[in-house]
Amino acid sequence: MERVKKIEIVTTSLEMHKVLEVLDEIGISGYTVIREVTGKGDRGIASDDLEGDILSNKYVMSICTEEQQHILVEAIRPILKKFGGVCIVSDASWIIH
């Protein structure tokens, strides 16, 4: 088992490409993206009842080192501040198959 940081990010479709670019720039090579994420937060209810994908929320999950986590958080903070979103960082164990 390897100790890692689990990164979970929810943001709008408009900003997701920027988040994925940041992951690539930092060297975080693997991630999972889930489309059409709905929920409720401090900005109200985010629903998927709009036509098209342009304003829907997306979720990305990845793992990284502690050093990468610090760089990532600072890099995506302005992205999340612009249109909203959330980044959650937690300790995790990576079970390598």
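Can you tell me which residues in the range 53-86 are over 18 Å from residue 24 (Cβ atoms) and buried (at least 19 other Cβ atoms within 10 Å of the Cβ)?
Selection gives 56, 57, 85.
For residues that are outside any helix (DSSP H, G or I) and touching a Lys or Arg at 6+ places or on another chain (Cβ under 9 Å), scanning just the range 1-34, find the one that is most open to solvent (accessible area, probe 1.4 Å).
Initial filter on the range 1-34 (outside any helix (DSSP H, G or I)): 1-12, 27-34.
Within this subset, residues satisfying the condition of being touching a Lys or Arg at 6+ places or on another chain (Cβ under 9 Å) are 9-12, 33-34.
Numbers: 9: 2, 10: 34, 11: 1, 12: 17, 33: 58, 34: 86 Å².
Checking each candidate, the answer is 34.
The values are calculated or read from the model by the stated rules, or taken from the named source; none is laboratory data. This one's a predicted model, so the numbers in the text were calculated from it and none came from an experiment. Glycine gets a Cβ as well: all are built from the backbone with ideal geometry, and neighbour counts include every protein chain shown. Keep in mind that these areas ignore ligands, DNA and RNA; they rest on the heavy atoms of the full protein, side chains included. Shrake-Rupley method; radii C 1.70, N 1.55, O 1.52, S 1.80 Å.
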